[in-house]
Amino acid sequence: MIGRLHVVTDAAGGRAALDAVRAALSGGAPVVQVRTKTGSDRERLAFAREVVVLCRAAGAQCIVNDRVDLALAARADGTHVGADDLPVEVVRRIAGPSHLVGGTARDPERAAELVAAGADYLGVGPAFATSTKDGLPDPIGPDGVAAVAAAVRVPVIAIGGLTAARVPLLRAAGAHGVAVVSAVSGAADPAAATRELLAALDAS
Ligand SMILES: Cc1ncc(COP(=O)(O)OP(=O)(O)O)c(N)n1
Ligand SMILES: Cc1nc(C(=O)O)sc1CCOP(=O)(O)O
Ligand SMILES: [Mg+2]
């Protein structure tokens, strides 16, 4: 079963993002998602490789956002794809049965399609408003997450505006776990923020 806390890297990548990954892993993060949106493919691959090495040493899983080629080249555990990325069934065909494949769903219909296509888990959101990513639709709230969770049998990872205080709402909605960017990367103490999120997940 996939971990309940996905710490997603700040899209800028680089040293600061790697420091946040190190801190999150020291705080016990079970899953790190490499999410880079800038830089050359070589730079993005180098970053993903560094995160994979850190995750291996910590016993955590590493998932690469958007790009199955970079995920395989970096020997990551999985790939997460959204509406603009390669389709889940294509990623599955390229990466094989043991590769974790996640897809983004915002409603039960899309969720069912992604599971039928071979998704191992779903990222579902935006649960709440977030300034981390532009162009997102309106937040679906805990009720929207609950509608998706009720429609599928794979783990649902809620994303968007997640904080430790909001974890119980999402767990009550049926989410297996949560994915966060700013709650860890933007924290003064990312290791402590990770521990706080994990404690909230354990308690709910
Ligand atoms: C766990 C999780 N859920 C959803 C997303 C969003 O992915 P995507 O739709 O591909 O958008 P970008 O992250 O590429 O902007 C995610 N990354 N992780
Ligand atoms: C990258 C991303 N995808 C989302 C979606 O709903 O698909 S919300 C989001 C940003 C999550 O960042 P934060 O934890 O800082 O709110
Ligand atoms: Mg994407």
Item to check | Hits in the range 176-196 - residues which are crowded, with 23+ Cβ neighbours inside 10 Å, closer than 13 Å to Leu25 by Cα and hydrophobic (A, V, I, L, M, F, W, C) | outcome: Val184, Ala193
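Tally time: how many residues in the range 23-61 are assigned to a helix (DSSP H, G or I), of a type in the set (D, E, K, R) and surrounded by fewer than 16 Cβ atoms within 10 Å (Cβ to Cβ)? Working first, answer last.
So the first thing to find is which residues in the range 23-61 are assigned to a helix (DSSP H, G or I), and the list is 23-26, 41-58.
Within this subset, residues satisfying the condition of being of a type in the set (D, E, K, R) are 41-44, 49-50, 56.
Restricting the remaining residues to those that are surrounded by fewer than 16 Cβ atoms within 10 Å (Cβ to Cβ) gives 41-43, 56.
Residues meeting the conditions: 4.
Determine, yes or no, whether Asp202 is touching a Leu at 6+ places or on another chain (Cβ under 6 Å), surrounded by fewer than 24 Cβ atoms within 10 Å (Cβ to Cβ) and charged (D, E, K, R). Break it down stepwise before answering.
On the way: touching a Leu at 6+ places or on another chain (Cβ under 6 Å): no; surrounded by fewer than 24 Cβ atoms within 10 Å (Cβ to Cβ): yes; charged (D, E, K, R): yes.
Criteria not met by Asp202.
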Checklist entry - In this structure, is Ala175 in contact (Cβ under 8 Å) with a residue 12 or more places away in the chain and part of a loop (DSSP other than H, G, I, E, B)? => result yes
Next on the checklist: Can you confirm whether Thr9 is among the hydroxyl-bearing types (Ser, Thr, Tyr), within 15 Å of ligand 2 (Cβ to nearest atom) and over 12 Å from the mean Cα position of the chain (by Cα)?
Outcome noted: no
Next on the checklist: Given the criteria crowded, with 16+ Cβ neighbours inside 10 Å, more than 12 Å from Leu5 (Cβ to Cβ) and polar (S, T, N, Q), does Thr104 qualify?
Outcome noted: yes
Next on the checklist: Any residue that is within 20 Å of Gly186 (Cα to Cα) and polar (S, T, N, Q) - is there at least one of those in the range 44-63?
Outcome noted: no
Checklist entry - How about the range 119-140: which of its residues are buried (at least 18 other Cβ atoms within 10 Å of the Cβ), over 13 Å from the mean Cα position of the chain (by Cα) and over 22 Å from Gly186 (Cβ atoms)? => result Ala119, Ile140
Checklist outcome for this item: Going through the range 8-22 in order, the residues found to be in contact with a helix residue (DSSP H, G or I) (Cβ under 9 Å, 6 or more places away or on another chain) and part of a helix (DSSP H, G or I) are Gly14, Ala16, Ala17, Leu18, Asp19, Ala20, Val21, Arg22
Checklist entry - Do we have any residue at all in the range 77-90 that's more than 16 Å from ligand 1 (Cβ to nearest atom) and not acidic (Asp, Glu)? => result no
Next on the checklist: So for the range 159-170 (the condition being crowded, with 19+ Cβ neighbours inside 10 Å, closer than 27 Å to Leu86 by Cβ, within 11 Å of ligand 1 (Cβ to nearest atom) and of a type outside the set (A, V, I, L, M)), does at least one residue qualify?
Outcome noted: yes
Checklist outcome for this item: Residue hits (the range 12-22; crowded, with 16+ Cβ neighbours inside 10 Å and closer than 20 Å to Val81 by Cα) are Gly13
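Since every read-out is calculated from the coordinates, none of them should be taken as a lab result. Remember, it's a predicted structure, so these values are computed and weren't measured experimentally. Positions of Cβ are generated from backbone atoms using ideal geometry, with glycine treated the same way; all protein chains shown enter the neighbour counts.
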